[in-house]
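Q: Here it is: the structure, laid out below.
Read-outs throughout are calculated quantities, based only on the coordinates presented, and are distinct from any laboratory measurement. Being a predicted model, the structure only gives us computed values, none of them experimental. Positions of Cβ are generated from backbone atoms using ideal geometry, with glycine treated the same way; all protein chains shown enter the neighbour counts.
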Amino acid sequence: MTATATALAGRHLLGIADLTADEIGLILDTAEAMKEVAERPIKKVPALRGKTVINLFYEPSTRTRTSFEVAEKRLSADTLNIAVATSSVVKGETLIDTVLNLEAMHPDMIVLRHASSGAGHLLSKVCRARIINAGDGMHEHPTQALLDAFTIRERKGRLAGLKVAIIGDLLHSRVLRSNVLLLSKMGADVWACAPPTLIPRGLERLGAHVTTSVDEAVRGADVVMMLRIQLERMEGNFFPSLREYFNVFGMTPERVALAREDAIIMHPGPMNRGVEIASEVADGPRSVILDQVTNGVAVRMAVLYLLAGGGDGD
Amino acid sequence: MEILLTGGRLVDPANGIDGPCDLRIVDGLVAEVGEGLAARGATVREVPAGTIVCPGLIDMHVHLREPGQEHKETIASGVAAAVAGGFTAVACMPNTEPVNDHAGITQLIVARAQEAGLARVYPIGAVSRGSKGELLAELGELKAAGCVAVSDDGRPVATALLMRRALEYASVFGMPVIDHCEDPTLKGDGVAHEGFHASRLGLRGLPAAAEEIMVERDIVLAGLTGGAVHIAHMSARGSLRAVRAGKARGIRVTAEVTPHHFALTDERLEGYDTNVKMNPPLREEADRAAMVEGIADGSVDVIATDHAPHHYDEKNVEFDRAPFGIVGLETAVPLVLDRLVHPGTITLARAVELLSVNPARILGVAGGSLSAGAPADITILAPDLETTVDPARFRSKSRNTPFGGWRLKGGVAATIVGGVVKYVNPDVVGADALKW
């Protein structure tokens, strides 16, 4: 049984944890139709005409914020961006008060990026507007996982049965959590790899094989997804130096050779070249890193469209 | 004034009593205990059917927030919550503003408690000035002003050397050192028990090892010095192992467990309710089960609430920004009766040991028994009362509890301090007869 087009109407998107495999399939299918819009001479459809979407970003973000904004504009929504530095947060207002004030202006959706895990859950209890989680702390980044899945499906034609290796700072990564949840729901064989200092406790229970061996993770993989290593992690003694990290865990052409011949290389960005990934790999023929960015717009259009009730009466 | 309490089952483990027994109160003291006592001019009061008369319960770990944080709790509201929860006495932690590291602050607390006139309040003084972990506070002055123990609660006694000195020096005054055990470097900026649920929810972890390491340190130092250490709010199974081993070696170590650590696990983190954020955090099932086992087998000495009131506004924020702690005074008795006594894990007599006998012994305060001559501090329990936890009815100024809406079997019928009835539960049939 597949999810009906109205399955997501009126809901929040707080995490992949709340979605069924059918609902994920629906979003990905809808994104295919949306992707076609970007190829038209006039890249705009009226689906969200008269809807107001607020992009509320409490953390710096270029890619995700721009991607949402482009998606909203292509759907003809009225959008506005609020960045933390210019908001009243600096005056000591609480998150709830800020959002209740925004809500008094009757937005239909709020796209939220926040440094605290669960920030979206907190707001979903007090807001009428639908909340789309654009990354909450170390918890989830659902639209990233959806665009990753879309990109994999586009290249491989499927998700089930693929070996996906995810390598990098697993501990602090919301992209990791959303991807493990999504890919395991869709039947992929997920391998997560990091130094032991950067592996969250109990990750296996989320649906991933866990290893500290890059070779084991990559061997025979259909997809190799690298995660960003934040430069400040050295100070926490998670690893001794960027140089050593790259030598032991970085993705080099030699290590890529262990993957399947047709394996694709992914990265959610921003990349640290020469830390988690060598430039030859990032810019190589197997890299789909920029496709991920392109697909991000289509996937976010699909999410916005479906949550807004698009497809009613189909 | 002479009162004869009749018709109750008296549970007084310190005197080996568990059965039908009358109790005569004269001038605020227990005068006589026995079956079928004659009125001899006393006012006779029959306790409600099915209730238990026991020595007054003592919560040896509460935060009354006064002075300095009266928006969370005051001494008056805190002791009102105490008697409503069946506690005739509480020991309050020194992490007020300013810290209770000085006799003047202790005297203020004692005076406010006397004005409130409900539960007895035993202040706990700071180990170090400002609880900063550097210089010892004037423990002798604190003792003289009314402190019964010392602690830097909210944080651990900072260094092994300071702990050693505190254990040595406090022993002069017969005061135990109560420690909030947690290695600060391992704690880091954690907000929830390091385990599957914190990982899934993206919450920074507080490993059980942070507690266990400090418990081990304290026990070694208690052994070295001969001082008495009391482990506050123990939550990790490794800590229990250390306490058991320490006791077996004859070291003076005692430990308390909170109701939330025997009733809840870190599964409750799902949904990011800030009322399940406390420190130590809710741990995993193996830890919870170990705490219950320790409570049953005697390794755990005390059940204490770590009553930590916080204002609604302070808790109504992102999970990682909310302060640690929950209120506990008004839910402890129902949780002990429902979760431990009714399932048969412990007897009522053992519950009274954990909630009255042992806290009185560890702190060296009156109470813990109903011997003739003891103050008439009495709690009357209604073990079969069906209760629903309703935070709106709390006497505490704060409502930060994860137990709202819980239906529990067991409650308090009345609380008597110094022979004076301080609380009667209107939900208990026949309890009105206790008002005098």
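Q: What ranking of A:Leu203, B:Leu381 emerges when the number of other C-beta atoms within 10 Å of each C-beta is taken as an exposure proxy, fewest first?
A: A:Leu203, B:Leu381
Q: How much length would be gained if the chain were fully extended between A:Val293 and A:Lys44, taking 0.36 nm per residue of separation minus their Cα-Cα distance, in nm to one decimal?
A: 87.8 nm is the gain from fully extending A:Val293 to A:Lys44.
Q: Can I ask one more? Out of residues 5 or more away from B:Ala255 or on other chains, whose amide H comes under 5 Å of its own, with H placed 1.01 Å from N in the peptide plane?
A: So B:Ala255 has HN proximity to B:Ile231, B:Asp301, B:Val302.
Q: Taking amide H positions as placed in the peptide plane 1.01 Å from N, state which residues far from B:Val121 in sequence (5 or more) or on other chains have amide H under 5 Å from it.
A: Result for B:Val121 returns B:Val90.
Q: Stokes-Einstein at 37 °C, 0.692 mPa s, Kirkwood radius from Cα pairs: D for the range B:59-101 in µm² s⁻¹?
A: 317 µm²/s
Q: Assign one of three labels to the range A:12-75, namely rounded, prolate or oblate, based on the Cα gyration tensor with a ≥ b ≥ c the square roots of its eigenvalues; rounded applies when a/c is under 1.5, prolate when it is not and a/b is larger than b/c, and oblate otherwise.
A: In terms of gyration-tensor shape, oblate.
Q: Can you tell me the FRET efficiency between B:Thr43 and B:His71 if r is taken as the Cβ-Cβ distance and R0 is 45 Å, rounded to the nearest 0.05?
A: Values: r = 42 Å, r/R0 = 0.93.
With R0 = 45 Å, the Cβ-Cβ based efficiency is 0.60.
Q: Taking only Cα atoms, what is the 0 to 90° angle, nearest 10, from helix B:285-297's long axis to the longest principal axis of chain B?
A: Result, in degrees: 40.
Q: Could you run the Karplus curve 6.51 cos²θ - 1.76 cosθ + 1.60 with θ = phi - 60° over the range B:189-203 and give me ³J(HN,Hα) per residue in whole Hz, x for Gly and Pro?
A: Values per residue, Gly and Pro as x: 9, x, 10, 8, 3, 6, x, 4, 5, 5, 4, 4, 8, x, 9 Hz.
Q: Could you give the nm distance between label points at A:Ala115 and A:Glu235, where each point is 7 Å from its Cα heading toward the beta carbon?
A: Distance between label points: 1.2 nm.
Q: What is the magnitude of the charge dipole of the range B:57-363 about its Cα centre, with +1 placed on the Cβ of each Lys and Arg, -1 on the Cβ of each Asp and Glu, and no other charges, expressed in debye to the nearest 20?
A: Details: 29 positive and 41 negative charges, 144 e Å.
Dipole magnitude for the range B:57-363 comes out near 700 debye.
Q: While we're looking at this one, here's another question. Between B:Ala289 and A:Arg11, with labels modelled 7 Å along Cα→Cβ, what's the label distance in nm to one decimal, could you check?
A: 3.4 nm
Q: What FRET efficiency comes out for the pair B:Asp297/B:Leu135, r = Cβ-Cβ distance, R0 = 35 Å, nearest 0.05?
A: The pair B:Asp297/B:Leu135 has a calculated efficiency of 0.30.
Q: With the Cα gyration tensor of the protein assembly as shown giving a ≥ b ≥ c as the square roots of its eigenvalues, does the rule (a/c under 1.5 for rounded; else a/b larger than b/c for prolate; else oblate) give rounded, prolate or oblate? Present the calculation step by step, with values, prior to reporting the outcome.
A: Details: a/c = 2.56, a/b = 1.99, b/c = 1.29.
It comes out prolate by the Cα gyration axes.
Q: Grab the beta carbon distance between B:Arg393 and A:Ala104, set R0 = 30 Å, and tell me the FRET efficiency rounded to 0.05. Before the final figure, lay out the partial values.
A: Details: r = 33 Å, r/R0 = 1.11.
After rounding to 0.05, the efficiency reads 0.35.
Q: While we're on this one: Ignoring GluC sites (Glu not before Pro) that are buried or in helix or strand per DSSP, and keeping those with at most 15 other beta carbon atoms within 10 Å, what is the longest stretch of chain A between them?
A: No qualifying site falls inside A:94-260, the longest such stretch.
Q: Just from its helices, what would the mean residue ellipticity at 222 nm be for chain B, if runs of 4 or more DSSP H residues each count -39500 (n - 2.57) and the sum is divided by every residue, rounded to the nearest 500 deg cm²/dmol?
A: -7500 deg cm²/dmol
Q: May I ask which residue of B:Gly130, B:His102, B:Leu118 lies farthest towards the positive end of the charge dipole of the range B:61-183, with charges of +1 (Lys, Arg) and -1 (Asp, Glu) on Cβ and the Cα centre as origin?
A: Checking the options against the dipole of the range B:61-183, the answer is B:Leu118.
Q: For the range B:294-371, which chymotrypsin sites (Phe, Trp or Tyr not before Pro) pass both filters: DSSP loop (anything but H, G, I, E, B) and at most 16 other C-beta atoms within 10 Å?
A: Working: sites: B:Tyr312, B:Phe319, B:Phe324; in loops: B:Phe324.
The qualifying sites are B:Phe324.
Q: Tally Lys/Arg at +1 and Asp/Glu at -1 over every other residue whose Cβ is under 9 Å from the Cβ of B:Leu269; what's the total? Kindly include the intermediate steps, with their values, before the conclusion.
A: Details: positive: B:Arg200, B:Arg268, B:Lys277; negative: B:Asp266, B:Glu267, B:Glu270, B:Asp273.
Residues near B:Leu269 contribute -1 overall.
Q: Sort A:Ile265, A:Ile96, A:Ile16 so the one with the fewest other Cβ atoms within 10 Å of its own Cβ comes first.
A: On the way: A:Ile265 22, A:Ile96 18, A:Ile16 26.
Ranked by crowding around the Cβ, least crowded first: A:Ile96, A:Ile265, A:Ile16.
Q: Calculate for chain A the 222 nm mean residue ellipticity that helices alone would give, adding -39,500 (n - 2.57) per DSSP H run of length 4 or more and normalising by residue count, nearest 500 deg cm²/dmol.
A: Values: 11 runs with 111 residues, N = 314.
The helix-only estimate for chain A comes to -10500 deg cm²/dmol at 222 nm.
Q: Can you give me the distance in nm between label points at A:His209 and B:Glu35, each placed 7 Å from the Cα along the Cα-to-Cβ direction?
A: Modelled inter-label distance: 7.2 nm.
Q: Next question, about the same structure. Compute from the Cα atoms of the range B:177-330 the Rg and the Dmax, the latter being the longest Cα-Cα distance, and quote both in angstrom.
A: Final numbers for Rg and Dmax: 15.2, 47 Å.
Q: When a footprinting reagent is the concern and you count Cβ atoms within 10 Å, what order do B:His102, B:His261 take, fewest first?
A: Fewest-to-most Cβ neighbours within 10 Å comes out as B:His102, B:His261.
Q: Mind listing the phi-derived Karplus ³J(HN,Hα) values for the range B:392-409, rounded to whole Hz, using 6.51, -1.76 and 1.60 with θ = phi - 60°, and x for any glycine or proline?
A: For the range B:392-409, the Karplus curve yields 5, 8, 4, 7, 4, 6, 10, 10, 6, 10, x, 9, x, x, 5, 9, 10, 9 Hz.
Q: Then there is this: Ratio of alpha-carbon Rg to the 2.2 N^0.38 Å globular estimate for chain A, to two decimals, please.
A: Normalised by 2.2 N^0.38 Å, the Cα Rg of chain A equals 0.98.
Q: Continuing with this model, one more query. For B:Gly56, list long-range residues whose amide hydrogen, built 1.01 Å from N in the peptide plane, is under 5 Å from its own amide hydrogen.
A: B:Gly368, B:Asp377, B:Ile378, B:Thr379
Q: What does the charge add up to near B:Arg361, with Lys and Arg as +1, Asp and Glu as -1, over the other residues with Cβ less than 11 Å from its Cβ?
A: -2
Q: Okay, next question. Report the local net charge at A:Asp78: Lys and Arg +1, Asp and Glu -1, summed over other residues whose C-beta lies under 10 Å from its C-beta.
A: Details: positive: A:Arg49, A:Lys51, A:Lys73; negative: A:Glu72, A:Asp108.
For residues surrounding A:Asp78, the net value is +1.
Q: Given the range B:261-304 reduced to its alpha-carbon atoms as identical point scatterers, what log10 I(q)/I(0) does the Debye formula return at q = 0.14, 0.26 Å⁻¹?
A: For the range B:261-304 at q = 0.14, 0.26 Å⁻¹, log10 I(q)/I(0) is -0.35, -0.91.
Q: If you keep only loop residues by DSSP, which trypsin sites (Lys or Arg not before Pro) in the range B:1-47 have at most 16 other Cβ atoms within 10 Å of their Cβ?
A: Numbers: sites: B:Arg9, B:Arg24, B:Arg40, B:Arg45; in loops: B:Arg40.
In loop regions of the range B:1-47 (DSSP not H, G, I, E or B), the sparsely surrounded trypsin sites (Lys or Arg not before Pro) are B:Arg40.
Q: For the range B:57-363, just say rounded, prolate or oblate: build the C-alpha gyration tensor, square-root its eigenvalues into a ≥ b ≥ c, call rounded for a/c under 1.5, and beyond that prolate if a/b exceeds b/c, oblate if not.
A: Values: a/c = 1.24, a/b = 1.14, b/c = 1.08.
Judged from the Cα gyration tensor, the range B:57-363 comes out rounded (a/c under 1.5).
Q: Would you kindly state how much longer the chain becomes between B:Glu270 and B:Val420 on full extension, computed as 0.36 nm times their sequence separation minus their alpha carbon distance, in nm to one decimal?
A: Going from the current span to full extension adds 49.5 nm.
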